[in-house]
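The values are calculated or read from the model by the stated rules, or taken from the named source; none is laboratory data. Since this is a predicted model, take the numbers as computed values, not measurements. Don't worry about glycine lacking a Cβ; one is built from the backbone with ideal geometry, like all the others, and counts go over all protein chains shown.
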């Protein structure tokens with residue numbers, strides 16, 4: 001089978017093949033969704049506290065974010081492998097086909113967790129003390145679809161901690177501005193997860209997997225996603241006001257608004273053919289564009305390198 005079928009063609013170096021397989025399991029490229037918002041929080045905190053970028057601290061924030069997300073994704077795939085095997089869309093995933101063993105996946109997950117904890121320890125004592133709090137929802141989320149119709153809310157909570165943690169990493173103290181940004185990220189990701197879950201509604205209902213689309217139908221899920229993204233915009237506006245953001249950040253919010261409108265225009269209850277474009281492309285653009293505009297705004301305000 002080919003890589004497109006979910007199985008990697010063996011290469012000359014087995015260790016390299018295992019690494020590539022694990023990276024496919026955790027879909028490392030999806031870090032683009034949450035990482036930009038962690039950078040927005042970290043750089044805003046650096047500007048407010050020091051007026052300049054602390055590169056080592058920013059690197060440690062990156063290691064912590066990617067490490068925790070990698071652990072979470074690997075744990076999700078491991079815990080859900082039996083559910084994935086019963087769903088035609090996910091039956092070709094590496095842990096289902098055996099292209100990546102459960103042992104290898106757990107090894108990669110634990111290594112990622114060590115990197116996360118190590119980065120947290122190097123940042124400051126508060127980050128290390130709160131690190132277990134960040135891990136809990138990452139493990140609870142995959143079980144959520146077994147006991148609640150709203151597992152997307154658990155995912156949102158898990159993702160909301162990114163900006164809060166990044167701010168804590170820089171300042172070592174609590175910030176309500178970071179909480180506002182974290183809530184925006186959590187509601188945003190929870191909302192587009194509602195859209196993504198629509199493609200599995202038949203399989204979920206057939207096998208007793210719980211989700212908003214399975215419980216309330218695709219129209220209800222898409223309506224919920226619209227509400228989530230309206231709330232996201234309100235929270236981002238609140239964050240801009242709280243941090244006294246400038247013209248560049250507000251321009252970024254205009255771009256995000258247009259992206260949300262486009263996303264909800266191309267996905268309809270009777271037509272999910274462009275769902276992947278809405279999920280991967282549009283939401284990737286939202287994260288990257290807002291980060292670029294936020295960075296430009298901070299540079300305009302005086303952030304130095």
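Is it the case that residue 98 is out of contact with any strand residue (DSSP E or B) (no Cβ under 7 Å at 6 or more places or on another chain), at positive phi and surrounded by fewer than 22 Cβ atoms within 10 Å (Cβ to Cβ)? For residue 98, the condition - out of contact with any strand residue (DSSP E or B) (no Cβ under 7 Å at 6 or more places or on another chain), at positive phi and surrounded by fewer than 22 Cβ atoms within 10 Å (Cβ to Cβ) - is met. Could you tell me whether residue 66 is assigned to a helix (DSSP H, G or I), at pLDDT below 95, touching a helix residue (DSSP H, G or I) at 6+ places or on another chain (Cβ under 7 Å) and buried (at least 19 other Cβ atoms within 10 Å of the Cβ)? Yes. When 304, 243 are checked against the criterion of being in contact (Cβ under 8 Å) with a residue 40 or more places away in the chain, touching a strand residue (DSSP E or B) at 6+ places or on another chain (Cβ under 6 Å) and farther than 28 Å from residue 27 by Cα, 304 stands alone in meeting it. Taking the criterion of being assigned to a loop (DSSP other than H, G, I, E, B) and in contact with a helix residue (DSSP H, G or I) (Cβ under 7 Å, 6 or more places away or on another chain), the residues of segment 89-115 that qualify are 89, 90, 91, 92, 93, 99, 100. For the condition within 30 Å of residue 59 (Cα to Cα), touching a helix residue (DSSP H, G or I) at 6+ places or on another chain (Cβ under 7 Å), modelled with pLDDT of 95 or more and crowded, with 24+ Cβ neighbours inside 10 Å, residue 179 does not qualify. Step by step: first the residues of segment 217-235, then only those that are in contact (Cβ under 8 Å) with a residue 12 or more places away in the chain, over 14 Å from residue 256 (Cα atoms) and crowded, with 16+ Cβ neighbours inside 10 Å, then the one that is nearest to the chain's Cα centre (by Cα). Which residue is that? Filtering first and then ranking leaves 225. Residues that are within 30 Å of residue 55 (Cα to Cα) and buried (at least 21 other Cβ atoms within 10 Å of the Cβ): does segment 260-280 have at least one? Looking through segment 260-280, none of the residues is within 30 Å of residue 55 (Cα to Cα) and buried (at least 21 other Cβ atoms within 10 Å of the Cβ).
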